[in-house]
1. Using a 1.4 angstrom probe, figure out how much accessible area the chain has per residue, in square angstrom, rounded to the nearest whole.
2. For segment 25-68, rounded, prolate or oblate, judged on the Cα gyration tensor with a ≥ b ≥ c (square roots of eigenvalues), a/c < 1.5 rounded, else prolate if a/b > b/c?
3. Within the accessible area of segment 9-50, what % is carbon and sulfur when the probe is 1.4 Å and the other protein chains stay in place?
4. Where a ≥ b ≥ c are the square roots of the eigenvalues of the C-alpha gyration tensor, would you call the chain rounded, which needs a/c under 1.5, or, failing that, prolate if a/b is larger than b/c, or oblate?
5. Can you classify segment 1-40 as rounded, prolate or oblate using the Cα gyration tensor, where a ≥ b ≥ c are the square roots of its eigenvalues, rounded means a/c under 1.5, and otherwise it's prolate if a/b beats b/c and oblate if not?
Amino acid sequence: MGDAALRGVHEALLLRVAGSLPELPDGEARRARVRRVARGCLPSGRVWAAMFRGVAEGSDEEVVREVYEGWRGVSLEADGGWARWLLSRGRGAEAAAAMGVGGRLSEPGK
């Protein structure tokens with residue numbers, strides 16, 4: 001099996017792990033799983049996005065923020081996901097600030 005095929009299998013397995021996050025009790029169990037994946041599995045932006053969706057509802061802010069921080073290290077899409085999460089909680093000023101950071105990072109020459 002070639003590297004490209006292995007990458008696909010690797011990502012598929014990590015997406016299954018991401019999908020299992022809502023089944024874990026909130027708090028430390030979810031944080032431990034997120035940390036384990038982040039440290040040992042090199043998740044792609046797609047996997048981080050799936051983990052974010054998995055913890056966005058029903059998780060405390062610490063868990064959601066931890067996933068966002070990992071996701072934003074590999075994808076500018078993270079700022080939009082974080083901003084939507086903040087908006088859904090009535091935190092518009094913070095959401096606007098999050099999008100401002102993403103906008104500056106995506107400008108040419110910055």
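The values are calculated or read from the model by the stated rules, or taken from the named source; none is laboratory data. Since the structure is predicted, the reported quantities are computational estimates derived from the model, not experimental observations. Ligands, DNA and RNA are excluded from the accessible area calculation, which covers all protein heavy atoms including side chains. Shrake-Rupley method; radii C 1.70, N 1.55, O 1.52, S 1.80 Å.
1. Result: 59 Å² of accessible area for each residue.
2. Verdict is oblate for segment 25-68.
3. Summing carbon and sulfur atoms, their accessible area is 58 percent of the total for segment 9-50.
4. Because a/c hits 1.5 or more and a/b fails to exceed b/c, the chain counts as oblate.
5. oblate
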